[in-house]
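**Student:** First the structure, then my questions, so here it is.
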Amino acid sequence: MKTYQFRPESIRSLFNHIAPSYDFLNHLLSLRQDIYWRKRAVQELKGFKGWILDIATGTGDGAIELIKQDGPLRKVFGIDFSEPMIRRAQKKMTQKDLFKNIFLGLGDALALPFKEGIFSAAFIAFGLRNIMRKEEALSEMVRVLKRGGKVVVLEFTFPQKGAMSWFFSFYIKKILPRIGGLLSRNKGAYAYLPESILRFQKIEDYKDLMIGAGLVEISVFPLTGGIVAILSGIKP
Ligand SMILES: C[S@@+](CC[C@H](N)C(=O)[O-])C[C@H]1O[C@@H](n2cnc3c(N)ncnc32)[C@H](O)[C@@H]1O
């Protein structure tokens, strides 16, 4: 069994491996809640026009949602460091005829290939957890934003108490790796997922990182009993 560490090369290799089954398993393992979570997170950018950056775009669902909501007012650039994930996103954009609105490219969240101050907003869904140097990634987002631009982060968090905390812990440690490993034929990848959630669990940690990256007016919105949170902040 191939196991995955938290090094960037290892993370990239993980997503290269699971790219073909990513969408199917994502919807199945989250009981299709991922669609609602992304939709709700994108609503935080209501009224933000112009160029929006979708970092760690993966198979492009966040980028598509950004166009679905407020489409005529914006263009989206989706970036990811896994070529197989970007290829799947490209296929979707062709099928949905979204190539005029969504542009895709290979690139690292830690060294965004853009000049500073060009985007109105930056969006990252289920990506930050996979990046070791999180504050650096957030600082890169802030660098490419215009003043007054908004960063929105959607990420798994760990419910701190109550029945949901017990259930979530059981689900991600025992059930999710089994189903994910079986269906993706990649046990290592779906053993990594719970570990990555458990390792960086608190909403407060994400909030502190956003403040550290220079964002202000931070807002936090937990969803589904605290399994997931939307955090946002403004570049002053
Ligand atoms: C869990 S997927 C999320 C995909 C998509 N945003 C979504 O909502 O489904 C995480 C993505 O982050 C990408 N990723 C992880 N680290 C990255 C980095 N340093 N730079 C760019 N992409 C990265 C992976 O390749 C993967 O496609």
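**Student:** Residues being part of a helix (DSSP H, G or I) and either modelled with pLDDT of 70 or more or within 19 Å of the chain's Cα centre (by Cα) (or both): count how many of those fall in the stretch 183-223.
**Tutor:** Initial filter on the stretch 183-223 (part of a helix (DSSP H, G or I)): 183-184, 187-199, 203-212.
Filter again for either modelled with pLDDT of 70 or more or within 19 Å of the chain's Cα centre (by Cα) (or both), leaving 189-199, 203-212.
So the count comes out to 21.
**Student:** Follow-up question, since we're still on this one. I need the full set of residues from the stretch 22-55 which are closer than 18 Å to residue 172 by Cα and of a type in the set (S, T, N, Q), in order please.
**Tutor:** 26, 30, 33
**Student:** In the list 100, 91, 39, 75, which residue meets the criterion of being under 20 Å from residue 155 (Cα atoms) and surrounded by fewer than 20 Cβ atoms within 10 Å (Cβ to Cβ)?
**Tutor:** From the options 100, 91, 39, 75, the qualifying one is 39.
**Student:** Further, regarding this structure: When the stretch 129-170 is examined, which residues are found to be in contact with an Asp or Glu (Cβ under 6 Å, 6 or more places away or on another chain) and either without any contact (Cβ under 8 Å) to a residue 24 or more places away in the chain or surrounded by 24 or more Cβ atoms within 10 Å (Cβ to Cβ) (or both)?
**Tutor:** Listed by number, the list holds a single entry, 152.
**Student:** Same structure, new question: Hey, among the residues in the stretch 1-60 that are among the small types (Gly, Ala, Ser) and without any contact (Cβ under 8 Å) to a residue 24 or more places away in the chain, which one's farthest from the ligand (Cβ to nearest atom)?
**Tutor:** 47
**Student:** Considering only the stretch 123-144, I want to know if a residue exists there that is within 20 Å of residue 25 (Cα to Cα) and β-branched (Val, Ile, Thr). Give the steps one after another, and end with the answer.
**Tutor:** Restricting attention to the stretch 123-144, the residues satisfying the condition of being within 20 Å of residue 25 (Cα to Cα) are 124-130.
From what's left, β-branched (Val, Ile, Thr): 124.
Yes; the residues of the stretch 123-144 include at least one that is within 20 Å of residue 25 (Cα to Cα) and β-branched (Val, Ile, Thr).
**Student:** OK, next. Somewhere in the stretch 65-74, is a residue within 16 Å of the chain's Cα centre (by Cα) and within 13 Å of the ligand (Cβ to nearest atom)?
**Tutor:** yes
**Student:** For the stretch 95-164, please list each of the strands (runs of 3 or more DSSP E) lying entirely inside it that holds at least 3 residues being closer than 16 Å to residue 79 by Cα, in contact with a strand residue (DSSP E or B) (Cβ under 7 Å, 6 or more places away or on another chain) and within 10 Å of the ligand (Cβ to nearest atom).
**Tutor:** Working: elements: 102-106, 119-125, 145-156.
Result: 119-125.
The values are calculated or read from the model by the stated rules, or taken from the named source; none is laboratory data. All values derive from a computational prediction rather than experimental measurement. In this analysis, Cβ positions are derived from the backbone assuming ideal geometry, glycine residues included, and neighbour counts consider all displayed protein chains.
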